[in-house]
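See structure below.
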Amino acid sequence: MDAVDAVSRSVAALAVLVGGEPSGAAVLNAGGGAPLVDGGDALRDAADVCLDGFAEVARLEARFAALKVLLTAEFVQAAGALVLPARSAQEGSAQAMAVIAEVACALTVSEGTAAALVSESRALTTALPRTLAALQAGTISWQHARVVVDETAHLDAAGAAGLEEHFLDPEAAKPARGCPAGELVPGRFRAKVRAWRERHHPVSIEKRHAKSAEDRRVEFVPDRDGMAWLSTYLPAATAAGIWDRTTTAARALQGPSEARTLTQLRADVAAAWLLTSGTNRMEATGGTGGTGGTGGTGAGDVPSPRAQVLITVPVLSLLGAAEEPATLDGYGPIPPSMARRLIAEGAGSFHRVLIDPRDGAPLEIGRSSYRLTGAQRRWLRLRDGKCPFPGCNNASLDNEADHLLAWADGGTTGITNLGQPCRKHHRLKHTSAWTPTGASKNHPPGWTSPMGRRYPSESQDWEPPPWPAILAALTQPAEADPGPQPDLGLLADEDHDADLGWNPPPGADPGWDLDAELDSGWDLDAELDSGWDLDAELDSGLPPDPGPDPELPVDPLPARYHPAA
């Protein structure tokens with residue numbers, strides 16, 4: 001088989017790479033390309049060889065996984081052909097169990113693992129050709145492939161193909177933003193794929209959320225050593241608010257005399273809130289040992305803090321003219337009705353962020369508690385979504401804002417010179433040769449390693465939201481006049497506008513073009529730069545609010561999109 005031969009050649013090349021050449025000859029990569037070692041410092045060259053070896057091992061593991069998928073699919077097909085067609089559902093189930101048991105014994109894995117492999121192999125070989133091809137090429141890992149299989153399980157063929165195209169085809173009309181799929185750790189890749197799935201699922205998120213909300217519950221599961229799990233299944237906005245509020249309170253309890261970790265403090269805070277009659281003041285005294293155990297002593301009363309949660313809302317969804325999902329910071333897509341309700345109720349813990357209907361980029365941040373440092377921190381949370389270090393999933397609201405170029409070295413306090421690394425990677429930046437690269441208003445910084453290797457930033461995968469049908473129709477060029485129709489010919493007037501495809505408002509230019517109007521009459525970048533300059537530290541005042549006028553909810557077209565009279 002060609003796949004087996006390719007893997008064998010790669011293994012042989014890798015053995016040469018790792019073993020080295022006694023003669024000092026250059027070590028070639030698996031494809032026979034340029035030398036991996038070409039003089040220079042011997043220790044740095046040895047480290048470079050190891051890093052290249054890691055990359056080649058990862059590609060080999062992916063190719064082996066693809067080979068296992070092909071072998072599994074072929075075995076299932078061959079085994080099915082060796083038996084007579086099942087005459088009942090029970091007989092068919094027995095045949096499937098026999099095949100799974102054979103795979104499990106051959107691979108020395110459990111039957112549950114074998115069943116999952118059979119199911120995933122079937123999906124990859126029949127419905128996900130791009131994913132299988134990327135796995136065979138070694139550009140994504142087996143974990144990445146499983147993410148695609150999981151998230152396309154309930155999509156139709158067109159939806160699965162669209163997801164593959166978006167994330168795995170760099171030549172797609174609307175490819176994913178940021179670094180390629182294979183350069184994301186699987187957990188971060190799953191978050192992006194899940195967000196895309198929520199936006200493009202054939203069933204609206206409103207219907208799916210309404211059905212799932214009926215299953216909300218609290219569960220208690222006993223565990224070993226006198227411990228137990230208490231979990232809740234809640235709407236995302238509620239859960240995110242609880243999590244951020246608990247984290248803020250736990251951070252407030254930390255100090256030189258506090259021995260408990262942040263994770264332990266979260267648990268103690270939550271227990272104190274649930275077991276006391278009031279939540280305006282909180283006393284977290286527990287831990288696991290009280291005053292004499294490992295949990296430390298009481299930390300005293302701490303004010304109950306407010307959660308600080310960002311909600312990114314498409315402008316048209318806020319107006320009720322579209323049903324594009326909103327995005328809850330730290331979670332992902334939520335129903336637009338949930339976002340509208342939170343904003344309408346004036347929830348002070350939730351900060352509104354509007355996004356442009358043309359390209360999905362943010363327009364402005366809501367005015368609640370609008371201070372210089374607070375506004376910049378919220379913008380960093382919106383831009384980065386988490387700690388910008390590769391693979392880090394820390395989205396804590398107290399990640400530390402940091403100058404990419406130090407203030408002492410001439411760095412400014414502008415968004416393009418700021419990042420929000422977690423404490424661990426903030427410390428890494430200042431105690432090692434790991435260096436952040438440049439950032440922009442909408443793209444977080446990448447990183448350069450001590451070995452000089454560059455790792456790109458993981459940008460937010462913003463997409464232009466779909467426009468409502470009425471707006472899409474108004475932005476389409478008018479069709480050519482097909483000629484007089486039987487009834488319309490009786491009413492024809494030489495002075496009447498010949499374009500029957502669209503009647504402009506009275507006094508408007510019949511040739512009005514939305515794109516031209518947006519480009520010439522309303523320049524978003526100019527408006528943001530002149531009215532709200534983050535790089536100037538926002539000291540000129542509040543940004544202009546692009547939200548609707550009171551009467552606009554009854555008008556399907558926002559006022560700024562209407563042609564001038």
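The values are calculated or read from the model by the stated rules, or taken from the named source; none is laboratory data. If you're wondering where the values come from, they're calculated on a predicted model, not measured in any experiment. When we count neighbours, we look across all protein chains shown, and the Cβ atoms used for this are built from the backbone with ideal geometry, even at glycine.
Scanning the range 59-73 turns up no residue that is surrounded by 20 or more Cβ atoms within 10 Å (Cβ to Cβ), within 20 Å of PRO186 (Cα to Cα) and of a type in the set (Asp, Glu).
Looking only at helices (runs of 4 or more DSSP H) that lie completely in the range 95-214, which have at least 1 residues being under 15 Å from the mean Cα position of the chain (by Cα)? Once the helices (runs of 4 or more DSSP H) in the range 95-214 are filtered for at least 1 residues that are under 15 Å from the mean Cα position of the chain (by Cα), what remains is 142-151, 157-168, 186-200. The residues of the range 432-451 that are over 12 Å from THR416 (Cβ atoms) and either touching a Ser or Thr at 6+ places or on another chain (Cβ under 6 Å) or assigned to a loop (DSSP other than H, G, I, E, B) (or both), listed by number, are SER432, ALA433, TRP434, THR435, GLY446, THR448, SER449, PRO450, MET451.
Of everything in the range 171-206 that is touching a Pro at 6+ places or on another chain (Cβ under 6 Å) and within 21 Å of PHE389 (Cα to Cα), the residue that is surrounded by the fewest Cβ atoms within 10 Å (Cβ to Cβ) is CYS179.
When the range 403-431 is filtered for residues that are part of a loop (DSSP other than H, G, I, E, B) and either surrounded by 11 or more Cβ atoms within 10 Å (Cβ to Cβ) or of a type in the set (Asp, Glu) (or both), the ones remaining, listed by number, are LEU404, LEU405, ALA406, GLY411, THR412, THR413, GLY414, GLN420, PRO421, CYS422. Evaluate the range 404-424: report whether one residue or more is modelled with pLDDT under 80, at positive phi and outside the structural domain of PRO186 (by TED's automatic domain parsing). Within the range 404-424 (the criterion being modelled with pLDDT under 80, at positive phi and outside the structural domain of PRO186 (by TED's automatic domain parsing)), the answer is yes, since at least one residue qualifies.
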